[in-house]
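The values are calculated or read from the model by the stated rules, or taken from the named source; none is laboratory data. Computed from a predicted model, the values in this text were never measured in an experiment. Cβ atoms come from the backbone with ideal geometry, glycine included; neighbour counts cover every protein chain shown.
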Amino acid sequence: MTSTPPNQLRFRILDADSSFKIRLSMYYFTAQRIDLYLNDTFIAPTNADYTTGKMQIKDPGSNQTAFMPTHQSPIGTNFFSKPDRRMYFAIDGTSYVDLKIAPVLFVRFGVPAITADQFFNTQTLVGNMALLLGIDPSKIRRAGIVRATSKKRQANSLAYIVLTIFEDAPTSLNDTQATNTQKQAMNQLDAKITNMFMTGQLQEQAKSLNITLTSMSVQRPNSNTTDQPVVKIAKLVVAKEASSCAAQTPCLGQPSIMVADDNGNLVSNIGNPLYPWIVQATINSSTNANLSLLFQTEVPVVNGFANFTKLGVSDITDKLVISYSFKLPAGINE
């Protein structure tokens, strides 16, 4: 096993019976929801709240002891402590427990601390953000506001809108269709929101709600990491040109294209890996009018770079200038 816990992990105590009971804990890098399945059946955590008909996760505050399982708790009793980033659960010698990182999307927006109080009203915040993001308000299971203090509430200070977006866990571990549907929906939403912010479209739409989005960070679904900043994209920079190109074969020197912000810095956190940004190569100019690009004319962006490996040309030429551009990513309008 690596130092990073897998997305799903099974626990079983060998050579023990039902009289052997113990509380275990598992550390995660993520502070998001961890689902527990006892003998393939979902068991809600002790701080789950179904008052609205949908599962909400209550913040235990400083009273975590009241929610913490012990070895005497019913088997499967569980609680995820965000400060500790540990999943605590009770298990005996006859049962098996599966822990799964849930497909939860965590989004944090920075806004000016002087943003209108009516937008920050907890009664309207969920509706406003659902309208902005184009999603069902019921998917936003937690919405919080981290305000600047009154002394620091100046034009250059920020407050934060923090959203936790998810759906109820499938009741059965074996319901792979429901699991895959949730993962796909959350990843598509992640791609849409981040892509719109990176192109500036989300910031423009937010103006209709009289709000200015100054920053964004996101923790992707099923991610075992902390949230990562999302930066607006400004341009593509050719880090390495194609070179030594011969007819009908990949160029010996393959191009590498870097995604950059306004300051020319690398933008490494770009899009959702399942819905990547694509860079395409086209001929800008050439002395051979019949020349075309071959083999690999588009590649996905990975960690801020689009690295070609098999780009080639159809014929020889004295001069060739290749241009690089993005294909339209998910959720973006022309």
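Taking the range 296-326 as the range and being over 21 Å from the mean Cα position of the chain (by Cα) and not in a strand (DSSP E or B) as the test, the residues that pass are GLN296, THR297, PHE308, THR309, LYS310, SER314, ASP315, ILE316, THR317, ASP318, LYS319. Would it be correct to say that PHE67 is of a type in the set (Phe, Trp, Tyr) and in the same structural domain as GLN188 (by TED's automatic domain parsing)? In short, no. The residues of the range 231-251 that are touching a strand residue (DSSP E or B) at 6+ places or on another chain (Cβ under 7 Å) and either closer than 30 Å to GLN184 by Cα or hydrophobic (A, V, I, L, M, F, W, C) (or both), listed by number, are ILE233, ALA234, LYS235, LEU236, VAL237, VAL238, ALA239, ALA242, CYS245, ALA247, CYS251.
Conditions tested, residue by residue: (1) farther than 30 Å from TYR88 by Cα; (2) among the small types (Gly, Ala, Ser); (3) modelled with pLDDT of 90 or more.
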residue: LEU99; (1), (2), (3): no, no, yes
residue: VAL111; (1), (2), (3): yes, no, no
residue: GLN118; (1), (2), (3): yes, no, no
residue: GLN123; (1), (2), (3): yes, no, no
residue: LEU158; (1), (2), (3): yes, no, no
residue: GLN201; (1), (2), (3): yes, no, yes
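With a requirement of 2 or more residues that are closer than 24 Å to ALA281 by Cα and touching a Lys or Arg at 6+ places or on another chain (Cβ under 6 Å), the strands (runs of 3 or more DSSP E) lying completely within the range 180-266 that satisfy it span 256-260.
If I ask for residues that are outside any strand (DSSP E or B), touching a strand residue (DSSP E or B) at 6+ places or on another chain (Cβ under 7 Å) and over 22 Å from SER138 (Cα atoms), which ones from the range 21-57 would you list? Answer for the range 21-57, where residues must be outside any strand (DSSP E or B), touching a strand residue (DSSP E or B) at 6+ places or on another chain (Cβ under 7 Å) and over 22 Å from SER138 (Cα atoms): TYR28, THR30, ASN39, ASP40.
Could you tell me whether any residue of the range 305-314 is over 30 Å from VAL162 (Cβ atoms), surrounded by 14 or more Cβ atoms within 10 Å (Cβ to Cβ) and basic (Lys, Arg)? Scanning the range 305-314 turns up no residue that is over 30 Å from VAL162 (Cβ atoms), surrounded by 14 or more Cβ atoms within 10 Å (Cβ to Cβ) and basic (Lys, Arg).
Here is a list: THR41, THR77. Which entry is farther than 19 Å from VAL162 by Cα, surrounded by fewer than 16 Cβ atoms within 10 Å (Cβ to Cβ) and either of a type in the set (Val, Ile, Thr) or not assigned by TED's automatic domain parsing to the domain that holds ASN224 (or both)?
THR41
Of the set (1) under 30 Å from LYS100 (Cβ atoms); (2) in contact with a Pro (Cβ under 7 Å, 6 or more places away or on another chain), all apply to ASN303 but (2). Taken together, the residues in the range 189-209 that are over 15 Å from PRO276 (Cα atoms) and among the basic types (Lys, Arg) amount to 1.
Among the residues of the range 275-304, those that are among the hydrophobic types (A, V, I, L, M, F, W, C), surrounded by fewer than 18 Cβ atoms within 10 Å (Cβ to Cβ) and under 28 Å from LEU133 (Cα atoms) comprise ILE278, VAL302.
Can ILE140 be described as within 30 Å of ALA260 (Cβ to Cβ), within 18 Å of the chain's Cα centre (by Cα) and at pLDDT 85 or above?
The answer is no for ILE140.
A single entry from PRO103, PRO60, PRO5 fulfils the requirement of being part of a loop (DSSP other than H, G, I, E, B) and under 17 Å from ASP168 (Cβ atoms): PRO103. With respect to (1) within 21 Å of ILE278 (Cα to Cα); (2) surrounded by 13 or more Cβ atoms within 10 Å (Cβ to Cβ), the lone exception for GLY264 is condition (2).
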